[in-house]
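The values are calculated or read from the model by the stated rules, or taken from the named source; none is laboratory data. Everything numeric in this text was worked out from a predicted model, so none of it was measured. Here the Cβ is made from the backbone with ideal geometry for all residues, glycine too, and neighbour counts use every protein chain on show. For accessibility, only protein heavy atoms count, side chains too; no ligands or nucleic acids. Shrake-Rupley method; radii C 1.70, N 1.55, O 1.52, S 1.80 Å.
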6 protein chains.
Amino acid sequence: MTSQNTLSHVNQHGEANMVDVTDKNVTQRVAYAEGRVYMSAQTLALINNKQHAKGDVFAVARIAGIQGAKKCSDLIPLCHPLMLTKVQIDFTTLDDNSGIGITAMCKLAGQTGVEMEALTAVSVAALTLFDMCKAVDPGMVIGGIKVLEKQGGKSGHWQRKEEQNT
Amino acid sequence: MTSQNTLSHVNQHGEANMVDVTDKNVTQRVAYAEGRVYMSAQTLALINNKQHAKGDVFAVARIAGIQGAKKCSDLIPLCHPLMLTKVQIDFTTLDDNSGIGITAMCKLAGQTGVEMEALTAVSVAALTLFDMCKAVDPGMVIGGIKVLEKQGGKSGHWQRKEEQNT
Amino acid sequence: MTSQNTLSHVNQHGEANMVDVTDKNVTQRVAYAEGRVYMSAQTLALINNKQHAKGDVFAVARIAGIQGAKKCSDLIPLCHPLMLTKVQIDFTTLDDNSGIGITAMCKLAGQTGVEMEALTAVSVAALTLFDMCKAVDPGMVIGGIKVLEKQGGKSGHWQRKEEQNT
Amino acid sequence: MTSQNTLSHVNQHGEANMVDVTDKNVTQRVAYAEGRVYMSAQTLALINNKQHAKGDVFAVARIAGIQGAKKCSDLIPLCHPLMLTKVQIDFTTLDDNSGIGITAMCKLAGQTGVEMEALTAVSVAALTLFDMCKAVDPGMVIGGIKVLEKQGGKSGHWQRKEEQNT
Amino acid sequence: MTSQNTLSHVNQHGEANMVDVTDKNVTQRVAYAEGRVYMSAQTLALINNKQHAKGDVFAVARIAGIQGAKKCSDLIPLCHPLMLTKVQIDFTTLDDNSGIGITAMCKLAGQTGVEMEALTAVSVAALTLFDMCKAVDPGMVIGGIKVLEKQGGKSGHWQRKEEQNT
Amino acid sequence: MTSQNTLSHVNQHGEANMVDVTDKNVTQRVAYAEGRVYMSAQTLALINNKQHAKGDVFAVARIAGIQGAKKCSDLIPLCHPLMLTKVQIDFTTLDDNSGIGITAMCKLAGQTGVEMEALTAVSVAALTLFDMCKAVDPGMVIGGIKVLEKQGGKSGHWQRKEEQNT
């Protein structure tokens with residue numbers, strides 16, 4: 001991580017700045033992120049019921065999230081293109097039955113971290129769940145999108161502290 | 001909106017189903033969505049300070065959001081391709097100084113609504129803000145992504161009720 | 001259909017030619033296409049078994065096919081961009097148990113036909129099935145990709161004759 | 001190749017699974033694939049005649065195939081993004097004058113094989129030939145798409161056996 | 001055209017502004033643009049000689065230009081997505097043998113003009129010519145990219161005046 | 001650089017040829033390119049004035065150029081996909097007040113040079129400036145797009161000679 005006093009992605013003139021990673025080592029990097037889609041109990045029942053049959057709801061969201069992770073540098077202007085070696089997305093029902101939890105894990109052997117890829121995977125999977133349920137529940141809310149942990153690179157291991165979980 | 005008992009995006013076999021909009025009328029449609037990036041006071045000060053100079057932080061996030069809206073049907077599998085006629089993205093500092101609020105408005109004259117485009121615009125703008133600040137504040141959280149209002153089409157005017165704002 | 005003596009997609013100098021559809025009427029158009037993935041009985045059993053559980057094999061191929069249809073004009077240089085209003089993809093086990101049959105239906109209200117979109121949907125779905133099974137059965141063969149029927153536009157209704165089915 | 005009893009691209013829960021290649025060695029990999037577009041003798045004469053002039057038919061299909069290979073991981077959900085170092089596409093008239101044969105060769109120095117890229121190159125080149133000839137010959141059939149040979153990686157050299165050529 | 005005193009693509013706060021075309025009429029629109037690739041006489045001879053054989057140089061550049069036009073709204077942030085109904089690209093040897101001239105024509109029936117699509121087509125075709133010749137002539141220069149004429153829409157017919165040709 | 005007598009991107013049959021870089025070493029590569037947008041003094045004043053406020057004109061063009069560099073292999077058919085580690089774009093007012101100068105620098109550690117990426121970055125940034133100003137100045141001209149310098153790889157250091165600056 002850089003100094004707390006400046007933004008790495010803006011230069012001294014306030015202009016957008018793509019960080020130069022040319023000289024960074026190729027190391028194995030992993031990042032974990034999560035997010036949530038809050039929905040009505042009725043909607044939750046509908047998609048969970050489908051899941052137990054052979055419904056494609058989670059399958060579609062999973063594929064969308066994986067494809068979204070691959071598109072990260074096309075979506076986020078200052079992200080470097082990179083070659084993910086693994087993307088995994090999992091869904092759980094939230095403990096209080098308020099909706100669906102989504103976690104994403106991204107890996108590569110490369111010169112830069114993959115937390116933006118993991119966050120993008122979560123976001124696109126969440127948007128896809130929203131799309132598939134919006135006709136019955138337009139009031140859903142997507143939230144709690146954050147990095148849980150990242151490993152690899154010069155900055156080493158970073159893990160979310162409890163108090164950072166809003 | 002369809003019946004509360006079935007998901008329009010899954011057929012009777014539980015398979016992914018792209019809704020057929022071939023026969024729907026071309027009408028003017030608008031959707032508004034919002035979202036938030038919660039960050040430390042220090043990070044908020046950094047990007048707002050930049051804003052008052054000529055920093056590109058919000059400009060980059062705005063462009064990313066607009067481009068993200070155009071990519072909606074490429075990101076979300078069952079969304080129809082469509083030709084947005086207007087995308088607008090605005091940023092505000094949240095009242096309690098806990099971060100940045102993002103609103104997006106999408107419009108088109110077409111056969112299907114644009115709330116997924118507005119939600120995608122908000123999500124990509126939020127991810128871009130996260131990317132630009134992550135080196136100083138990796139604990140940020142993206143949340144509160146929801147539809148505020150939509151107009152046009154057979155389902156007419158839908159507006160978020162107060163109690164739906166989580 | 002044009003005269004049998006010239007190719008519409010090459011001009012009199014032999015150069016690639018995008019057909020001008022500016023003045024064509026907007027009509028409802030539909031196209032049906034099919035294709036097959038021939039595989040070993042063992043592989044077929046593996047994916048059909050998965051299907052009866054809740055395996056994502058067909059779900060992934062279906063989503064890939066739908067997304068592929070949307071990308072048609074990005075893949076095939078002289079295809080016009082257009083806004084599909086419906087894509088549907090179905091899978092069946094071939095009668096002789098030699099593999100999987102894939103059918104795609106594409107629709108839009110527009111100025112040009114959608115048979116290339118349907119063929120692209122079938123092709124990408126077939127490639128995705130191949131990808132998911134290639135570790136156990138690298139000898140699979142994709143074949144029988146053809147248009148079954150198309151409706152709409154100046155050329156009207158076209159249906160495949162029996163003898164055209166190779 | 002993995003065991004014949006499980007699909008590498010689906011996990012134990014039947015969910016789509018992107019294979020983790022993070023720890024695989026970077027080795028030089030090559031794959032060869034082929035396919036065919038069956039067409040009427042008249043259509044074949046038209047495009048071959050063009051070829052002898054300076055027609056762009058094969059040039060367009062070749063470029064489409066090369067670009068298609070590069071888009072493989074965008075089309076096929078569980079394919080890893082990778083950086084092809086060479087794509088080559090060749091066309092021949094089939095011995096029995098029943099159509100056009102297409103071969104593709106893809107190479108890279110990377111962590112995963114490139115047979116899906118070669119198959120995608122063949123498929124997109126075939127679809128492009130179809131598109132350019134469809135106005136005169138809508139009954140064409142694309143078939144015989146298969147891997148001929150692959151080299152590199154842990155699974156080593158794989159070559160198609162005669163009896164696998166359907 | 002708007003007033004000469006403000007930029008339509010920046011709002012009163014200096015922020016990027018996508019022009020709202022929701023209420024504009026759908027009319028037939030055409031735009032013509034041109035550009036040049038200046039090269040050594042030797043390079044020019046090489047590609048023109050190829051052209052007379054059956055070289056793909058111009059075929060590749062033409063396809064790249066057509067595909068580039070379709071990608072305009074993906075490349076230029078404030079451009080609206082639209083559905084081109086015709087793209088045509090032509091190449092000529094410049095009168096003084098200083099290089100290659102490129103012209104592009106784009107058409108659609110839509111709500112906004114297509115001059116950016118024509119300029120993008122010319123630019124991508126020029127870059128592709130550059131790419132194919134750069135190994136023998138890295139000193140080439142691309143220039144003279146400009147709109148020649150546009151028709152359709154509220155602003156009507158605009159034609160380049162002589163003195164505007166730099 | 002190859003011999004002056006043949007084009008590396010066309011084979012002996014005149015067919016498009018993607019250069020095989022599989023065996024090339026991974027080295028650090030840099031390329032610099034520049035270009036210009038000629039415009040009226042009035043337009044120049046408008047965008048420079050905006051710049052001094054907090055106008056997004058240059059911010060939008062910078063982002064478009066960076067994103068354009070990443071899309072190079074998608075735009076230019078025979079370019080290899082690669083993973084840029086740095087893209088930088090700068091704008092200056094031309095000495096004679098005739099318009100805006102654009103420079104781009106691209107870097108990577110890879111098997112092939114990045115001059116096409118730098119040229120693409122300049123071209124897309126120029127097109128974006130054109131788009132943002134076209135309503136007030138449709139007669140603008142984009143020109144002077146050329147490589148300034150490249151380093152790395154077998155061909156080593158190449159620098160533009162004075163007389164090559166047209």
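Dipole magnitude for the stretch B:27-151: computed about the Cα centre from +1 point charges on Lys and Arg Cβ and -1 point charges on Asp and Glu Cβ, it is near 320 debye.
Angle check, please: helix E:115-133 long axis (alpha carbons) against the longest principal axis of chain E (alpha carbons), in degrees 0 to 90, nearest 10. Long axis of E:115-133 versus the principal axis of chain E: about 20 degrees.
Ignoring aspartates and glutamates fewer than eight residues from B:K71 along the same chain, the ones with Cα atoms less than 12 angstrom from its Cα are A:D74, B:E117, E:D74. With just the Cα atoms defining each centre, how far is the stretch C:76-126 from the stretch B:99-166? Give it in Å. When both Cα centres are located, 32 Å separates them.
Accessible area lost on pairing E with D, both sides, 1.4 Å probe, Å² to nearest 100?
The buried area between E and D, both sides summed, comes to about 700 Å².
For A:T92 and D:N25, a Förster radius of 35 Å and the Cβ-Cβ distance give a FRET efficiency of 0.50, rounded to the nearest 0.05. The mean sequence separation of alpha-carbon pairs under 8 Å and at least six residues apart, normalised by the residue count of chain B, gives a relative contact order of 34 percent. Per residue of peptide F:80-92, the mean number of Cβ atoms on other chains within 10 Å of the residue Cβ is 6. Quick one: among E:T120, E:T128, E:T43, which has the greatest mean-square fluctuation in a GNM of chain E with alpha-carbon springs under 10 angstrom? The residue that fluctuates most here is E:T43. Among E:V114, E:V57, E:V87, the largest mean-square fluctuation in a Gaussian network model of chain E (Cα springs under 10 Å) belongs to E:V57. Database remark: amide H of B:L94 closer than 5 angstrom to the amide H of B:G99, B:I100, B:G101 (H placed geometrically; neighbours at sequence offset of 5 or more, or on other chains; Pro and chain starts carry no H).
Residue by residue along A:33-39, Cβ atoms of other protein chains within 10 Å of the local Cβ number 2 on average. The C-alpha atoms of chain C define a longest principal axis, and helix C:57-70 lies at about 10 degrees to it.
On the principal axes of its alpha-carbon atoms, chain B has extents of 51, 30, 29 Å, going from largest to smallest.
Going from the isolated chain to the complete set of protein chains, the stretch B:114-137 loses at least 40 Å² of heavy-atom accessible area (1.4 Å probe) at B:M116, B:L127, B:F130, B:D131, B:M132, B:K134, B:A135, B:V136. Heavy atoms of the protein chains alone define the surface here; on that basis the protein assembly as shown has 35 Å² accessible area per residue at 1.4 Å probe size. Helix B:41-52 and the longest principal axis of the C-alpha atoms of chain B enclose an angle of approximately 90°. Of all beta-carbon atoms in chain B, the one sitting closest to the axis that brings chain B onto chain A gives B:G143, 2, with the distance in whole angstrom.
Once a ≥ b ≥ c are taken as the square roots of the eigenvalues of the Cα gyration tensor of the protein assembly as shown, is the result rounded (a/c under 1.5), prolate (a/b larger than b/c) or oblate (a/b not larger than b/c)? Rounded. Peptide F:153-160 has a mean of 1 when you count, residue by residue, the C-beta atoms of other protein chains within 10 Å of its C-beta.
Result for chain A in a Gaussian network model with C-alpha springs under 10 Å: among A:M132, A:M105, A:M18, the largest mean-square fluctuation is at A:M18. Split the accessible area of the stretch F:7-140 by element, probe 1.4 Å, and carbon with sulfur accounts for 46%. Accessible area per residue was computed with a 1.4 Å probe on protein heavy atoms; B:S155 scores about 60 Å².
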